[in-house]
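Throughout, read-outs are computed from the coordinates displayed, never taken from laboratory work. It should be emphasised that the depicted structure is a prediction, and the values quoted were computed from it without experimental measurement. Ideal geometry is used to build each Cβ from the backbone, glycine not excepted, and the neighbour counts take in all protein chains shown.
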Amino acid sequence: MDKKISQFNMLIVGTGGQGQITLLQILAEAALFEGYDVKTSELHGLSQRGGSVEIHLRFGKKIYSPLISQGKADLIIGLEMQEALKVYPLANPKTIFLVNKKIIPIPLVKNPVDEFHSSPPFANARVTEEEVLKSLKKISKNVILVPASEICQKELGKEVVAGIYLISLASFKNLIPLKPASILKAIKKIIPEKYLELNLKTFGLAKIKSSQS
Amino acid sequence: MGEILLNKPGKKIILLGNEAIVRGALEEGVNFVSSYPGTPASEIGDTFFRIAKSAGVYFEYSTNEKVALEAAIGASFSGLKTLVAMKDFGINVCLDALGPFVYTGTKGPTVIVVADDPSCHSSAQWEECTRGISYLTHIPTLEPSDPQECLDFTKLAFQISEKFQIPVMIRITTRAAHQRAPVKLGRIVKPVKVGKFIKEPKRFVTLPPRVLEMKKELLEKIEKIKEFSEKSKINKTCTGPTCASSGLSKSQIGIITSGISYLYVMEALEELKINLPVLKLGFFYPLPEEKIQNFIKKFKKVLIVEELEPYLEKEVERLAKDVNPKLQILGKNLIPEVSELKPEIVTLAIAKFTNKKLKIKNYELKIDIPKRFPQLCAGIPKRGSCPYWLVISAVKKAVDTKKVIFGGDIGCYMLFGTPLLNIQDYLSCMGSSVGIAHGIKKATQQKLIAFIGDSTFFHAGIPALINTVFNKSNPLIIILNNQTTAMTGHQPHPGAPAEPNGVKIEEIVKACGVKNLKIIDPINQEEFINTIKEFLNKEEVSVIIARRPCIWIKK
């Protein structure tokens with residue numbers, strides 16, 4: 001194997017149902033293929049029901065903690081813009097944000113307060129793309145906004161593969177120190193046969209797009 | 001993935017902590033597995049459910065954790081290797097059966113896996129530290145940190161159980177259960193199928209005066225297991241962060257830790273670039289007391305890094321009195337007792353402990369990102385919305401929600417309590433919406449609707465329902481019959497129509513003596529609304545079974 005990094009810390013964030021655990025499995029397998037130690041952390045259960053989902057993945061020579069320490073993320077892949085911003089304490093000025101240009105609004109509530117529940121933070125449930133981008137840029141200079149959902153919907157007819165598109169793109173653009181061949185091998189291992197063709201097409205699309213920009 | 005059944009010793013595959021426990025059990029030749037689903041333990045049962053047939057293992061989702069343990073006790077008494085898995089609160093339900101089981105001991109080796117959920121990511125009830133149960137029942141307890149240890153410790157637990165004829169508990173936490181990492185495989189052992197119960201009343205009957213002899217025998221057994229613990233490699237000292245065995249004797253300070261906290265300690269030592277002796281305890285009960293005393297006897301100060309309640313800290317305080325009374329013991333004054341630990345919390349604590357300066361950058365953001373509450377499924381392509389929305393809509397139309405009290409219970413419908421819906425005035429444990437409803441109805445004249453899911457009804461709702469009939473109170477109970485255990489991953493339960501040995505909820509409700517009963521598909525809003533209004537004025541308990549399947553059930 002060629003040059004090995006000692007440690008790489010990445011997060012995948014989004015909302016429940018965006019397929020984060022599949023992405024995590026693919027990346028963990030790819031890291032293992034390349035001979036790295038790898039640790040990941042995820043949450044299951046009710047926290048998946050449309051709530052925020054934050055997944056940690058670390059690989060390198062020897063990894064202890066499955067969770068990334070505050071300020072130590074090398075790469076944050078955001079499947080949704082607000083969710084990418086929410087994990088800012090884990091970022092530093094060098095952190096790369098690779099973010100899907102998409103906002104999933106949070107439902108507005110008209111009368112949220114009564115004596116049994118303390119007042120929830122619903123003040124401004126709608127945040128614009130511009131506002132989020134501006135804040136992200138305050139944290140890091142390396143913010144890459146990609147209309148992954150839009151591209152996947154337009155080119156493949158399925159928005160759901162936006163995550164696969166982003167991790168493939170990250171590999172082609174050397175934002176993750178894992179070779180595209182390893183990602184491809186892992187996709188073939190993890191994705192059920194029924195959906196494999198679509199995912200391979202997504203991988204191929206990311207390859208083309210990465211060479212265009 | 002079928003990879004978990006791969007019989008290639010030495011090969012490394014990536015497993016979730018929970019899957020690694022399954023693998024460990026398979027490598028020990030487990031025969032009999034029972035569970036009641038609960039996050040963060042669910043994948044243990046779910047994995048067995050998927051592979052049981054091909055692995056030749058008996059698996060069942062039992063109606064609750066106590067029943068699951070009792071089934072395992074029966075299998076163990078009949079000589080089978082058994083494993084029971086549950087979330088933290090499950091062990092509380094089990095406790096009545098667990099105590100005597102530790103007294104009688106096992107015949108077939110038995111491992112009980114319990115998953116705590118510090119920070120209550122998926123646990124509405126309370127932030128439980130199950131280690132307290134180890135003291136209460138004297139059950140030997142191991143605490144793995146990562147998937148490899150999940151596998152290794154499960155195997156060791158079976159071996160300890162076999163050697164000392166006692167059930168052994170594996171206590172994990174969310175970040176061990178839901179941690180993925182490469183795991184080195186061993187060989188899968190084919191289980192022996194048929195058990196045989198041989199009558200030994202002296203062994204299996206806990207009747208006084210024999211029960212007190214049993215307690216004495218248990219304490220003697222624990223002394224022997226303590227000797228085993230003293231020698232066990234899973235209680236290890238090393239110098240972090242490289243885990244070298246040199247340099248231990250010189251240091252005047254050290255760290256004692258266990259479980260997931262160990263990983264954060266090593267991470268912190270690496271980041272702070274300091275070498276310190278670390279004692280990592282794989283055994284929580286019984287503790288290797290001499291090993292701990294040898295570790296601390298020459299120190300000036302020691303830091304105990306543990307999540308939740310300070311059990312280890314108190315033990316070290318006790319053990320230091322004999323060997324090093326002047327030892328300064330730090331723990332919960334640097335490490336919070338509430339919520340799970342995170343690597344940066346431990347790094348900061350170790351920095352303070354070693355007088356190292358640590359720079360932490362904090363950003364100030366001028367944007368308020370609204371909190372995303374989990375919510376009931378809505379508008380899912382090809383599937384639609386959760387049937388509970390219909391129930392909510394009917395309830396809100398039928399009554400003045402400010403005047404009626406709403407009882408919540410454990411399941412997706414806990415989300416009735418989110419600010420969006422706001423129809424949940426109390427929430428406690430499995431089955432309690434009905435149990436507490438009875439007390440409120442006895443104490444007040446107020447109207448009350450208690451919600452309970454079908455799996456929860458089978459788990460712990462039935463005795464409470466009988467109590468409302470027997471002791472005469474009149475809450476309206478709405479049984480949310482979505483025909484699956486939805487929240488934990490759609491595991492089957494006795495009320496699911498697809499189950500060949502299913503049990504009809506309405507038959508149970510009738511047999512409990514409930515006279516006011518209606519089964520309504522909540523899509524029929526008008527009938528639902530009118531029935532709520534009618535039933536709330538009844539003088540006896542009434543039940544509506546809201547029958548409509550979860551949108552995720554295969555049709």
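Modelled spin-label separation between B:E526 and A:Q7, with each label point placed 7 Å from Cα along the Cα-to-Cβ direction: 6.7 nm. Put the Cα centre of the stretch B:515-530 next to the Cα centre of the stretch B:436-479 and the gap is 18 Å.
Using the average count of surrounding beta-carbon atoms within 10 Å as a protection proxy, the listed peptides B:318-326, B:475-483, B:392-400 rank, highest first, as B:475-483, B:392-400, B:318-326. Scanning residues 5 or more positions from B:T141 or on other chains, those with amide H under 5 Å from its amide H are B:M169, B:F284, B:Y285, with H placed 1.01 Å from N in the peptide plane.
Counting only DSSP beta bridges with both residues in the stretch B:388-547, the antiparallel share comes to about 5 percent. Cα gyration tensor of the stretch B:184-260, axes a ≥ b ≥ c as square roots of the eigenvalues: rounded (a/c below 1.5), prolate (a/b > b/c) or oblate? Oblate shape, in that a/c is at least 1.5 and b/c is the bigger or equal ratio.
Using the Karplus relation 6.51 cos²θ - 1.76 cosθ + 1.60 with θ = phi - 60°, the per-residue 3J(HN,Hα) values for the stretch B:189-195 come to 9, 5, x, 7, 7, 8, x Hz, with x marking Gly and Pro. The ranking of B:C150, B:C412, B:C512 by Cβ neighbour count inside 10 Å, starting from the fewest, reads B:C512, B:C412, B:C150. Placing a pseudo-label 7 Å from each Cα along the Cα-to-Cβ vector at B:N471 and B:E317 gives an inter-label distance of 3.8 nm. Each residue of the protein assembly as shown gets 177 Å³ once the volume of the Cα convex hull is shared out per residue.
Taking amide H atoms as placed 1.01 Å from N in the peptide plane, the amide H of B:T106 lies under 5 Å from those of B:I166, each 5 or more residues away in sequence or on another chain. Relative to one another, the C-alpha centroids of the stretch B:267-322 and the stretch A:8-83 are positioned 31 Å apart.
Simple spin-label estimate for B:R383 and B:Q293 gives 5.8 nm between the two label positions (7 Å along the Cα-to-Cβ direction from each Cα). Adding -39500 (n - 2.57) for every DSSP H run of four residues or longer, then dividing by how many residues the protein assembly as shown holds, sets the calculated 222 nm ellipticity at -11500 deg cm²/dmol. Taking the Cα atoms only, what angle lies between the long axis of helix A:193-212 and the longest principal axis of chain A, rounded to 10 degrees? It is inclined by approximately 90 degrees.
Tilt of helix A:129-139 relative to the longest C-alpha principal axis of chain A, in degrees (0 to 90, nearest 10)? For helix A:129-139, the angle is close to 70 degrees. Close amide H pairs (under 5 Å, H built 1.01 Å from N) link B:G240 with B:L276, B:V278, residues at least 5 positions away or on another chain.
The shape of the stretch B:235-353 comes out rounded: with a ≥ b ≥ c from the C-alpha gyration tensor, a/c is under 1.5.
For the stretch B:2-231, the square roots of the Cα gyration tensor eigenvalues, ordered a ≥ b ≥ c, give a/c of at least 1.5 with a/b greater than b/c, which places it in the prolate category. The stretch between B:K193 and B:L95, if pulled fully straight at 0.36 nm per residue, gains 32.5 nm over its current Cα-Cα span. A simple count of charges around A:D74, restricted to other residues whose Cβ falls under 10 Å of its Cβ and scoring Lys, Arg +1 and Asp, Glu -1, yields +3.
Contact order, relative form, for chain A: 20 percent (alpha carbon pairs under 8 Å, 6 or more residues apart, mean separation divided by residue count). Among the residues of A:81-90, the average count of other protein chain beta-carbon atoms within 10 Å of the residue beta-carbon is 3. Using the beta-carbon distance between A:E193 and B:K326 and R0 = 56 Å, what value does 1/(1 + (r/R0)^6) give for FRET efficiency, to the nearest 0.05? Here the calculated transfer efficiency is 0.25. What is the distance in Å between the Cα centroid of the stretch A:162-208 and that of the stretch B:39-71? Centre-to-centre (Cα) distance: 34 Å. Compactness check for chain B: Cα Rg over 2.2 N^0.38 Å is 1.06.
Counting only other chain Cβ atoms within 10 Å of each residue's Cβ, the peptide A:10-16 averages 1. With 21 Å as the limit on Cα-Cα distance, the pairs of B:K12/B:K193; B:K447/B:K515; B:K215/B:K291; A:K4/A:K72; B:K231/B:K297; B:K66/B:K199 that go past it are B:K12/B:K193; B:K215/B:K291; B:K66/B:K199.
Computed from phi, the 3J(HN,Hα) profile of the stretch B:332-338 under the Karplus parametrisation 6.51, -1.76, 1.60 (θ = phi - 60°) reads 5, 6, 10, 10, x, 8, 9 Hz, with x in place of Gly and Pro.
When you restrict to C-alpha pairs under 8 Å that are six or more residues apart and normalise by the size of the stretch B:388-547, the relative contact order lands at 24 percent.
For a straight C-alpha distance cut-off of 19 angstrom, the aspartates and glutamates reachable from A:K209 (same-chain residues fewer than eight places away being disregarded) are A:E150, A:E155, A:E159, A:E197. Compared with the dominant principal axis of the Cα atoms in chain B, helix B:210-231 is inclined by about 50°. Counting only DSSP beta bridges with both residues in chain A, the antiparallel share comes to about 55 percent.
Take the Cβ atoms of B:Q159 and B:K300, set R0 to 25 Å, and the FRET efficiency comes out at 0.05. Based on Cα contacts under 8 Å between residues 6+ apart, chain B shows a relative contact order of 11 percent. For the stretch B:235-353, DSSP calls about 35 percent of its internal beta bridges antiparallel. Note on B:419-431: average number of Cβ atoms from other chains within 10 Å of each residue's Cβ is 3. As a proxy for reagent exposure, ranking B:Y388, B:Y413, B:Y135 by other Cβ atoms within 10 Å from fewest up yields B:Y135, B:Y388, B:Y413.
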